[in-house]
Ligand code: GLN
């Protein structure tokens, strides 16, 4: 049982039934959608609150968090995203998406959603190292290191009690965290061809205690 071939194909089938929303109002949502497609998962571009109704999870992509923040207010997306997170559906923020998930940031703008118990500093790596690539250990993804691309990245400066650090640059600088159904990464897995973070997120999205089918009312 557990890891037998039957379990594996069952898991695969369940993932194929998943529908994952990608917030598509700003930033590099197309790259996330492309990865989901390669993993055989249905992706839904989310621009309006009702686009969230059927999805099993949501990815908030990288981009510019001050713009994302404004557009989420204008499109009335804040409350429905907060609600889906409270319901236990999976939400993953990458880079600017991480900033949006946080409880507090070191500046007035943007206004984060506040659903994840972390504190964040934007553009934490200064001008000289605006962008860099770094190999990370992420034990939740297995022994192979993960090649992470950081672009004007934020860093997490406070981690709440219920938050698990999945990976860090050093003891003071976590860059990938999880809190139950929520995940945040300061870097951009969608810009590499290593899809393990996406697969990990799909497991989170499928593991919320309700299969996608049963939530839609089918047996
Ligand atoms: N620096 C951007 C911000 O503060 C984030 C950059 C990114 O998402 N790659 O919103």
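Annotations for the structure displayed:
- Relative contact order computed over the stretch 19-67 (Cα-Cα under 8 Å; 6+ residues apart), in percent: 54 percent
- Estimated translational diffusion coefficient (Stokes-Einstein, Kirkwood radius over Cα pairs, 25 °C, 0.890 mPa s) of the chain: 141 µm² per second.
- Across all Cα pairs in the stretch 23-109, the calculated P(r) in 5 Å bins from zero up to the longest distance comes to 3, 14, 27, 28, 18, 7, 2, 1 percent per bin.
- Counted over the stretch 59-161 with a bin width of 10 Å, the fraction of Cα pairs per bin, in whole percents, is 15, 43, 33, 9, 0.
- Normalised by 2.2 N^0.38 Å, where N is the number of residues, the alpha-carbon radius of gyration of the stretch 62-110 equals 1.11.
- A Gaussian network model of the chain, with springs between Cα atoms under 10 Å, assigns the largest mean-square fluctuation among 56, 137, 172 to 172.
- Relative contact order for the chain, counting Cα pairs under 8 Å that sit 6 or more residues apart, in percent: 18 percent
- Highest-MSF residue in the chain out of 170, 53, 194 [GNM, Cα springs under 10 Å]: 170
- Of 101, 36, 136, the one that fluctuates the most in a GNM where the chain has Cα springs shorter than 10 Å: 136
- Over the stretch 42-147, relative contact order from alpha-carbon pairs under 8 Å, at least 6 apart, %: 21 percent
- Cubic angstrom per residue, convex hull over Cα atoms of the stretch 18-66: 60 Å³
- In nm, spacing of pseudo-spin labels at residue 164 and residue 54 (7 Å Cα→C-beta vector): 3.1 nm
- Between the stretch 63-122 and the stretch 148-203, the Cα center-to-center distance that results, in Å: 15 Å
- Helix-only mean residue ellipticity at 222 nm for the chain, each DSSP H run of n ≥ 4 adding -39500 (n - 2.57), per residue, nearest 500: -8000 deg cm²/dmol
- Expressed to the nearest 5 percent, the antiparallel share of DSSP beta bridges inside the chain is 50 percent.
Values in this text are rule-based calculations from the coordinates and carry no lab data. A quick note: this is a predicted structure, and the numbers were derived from the prediction, not measured. When we count neighbours, we look across all protein chains shown, and the Cβ atoms used for this are built from the backbone with ideal geometry, even at glycine.
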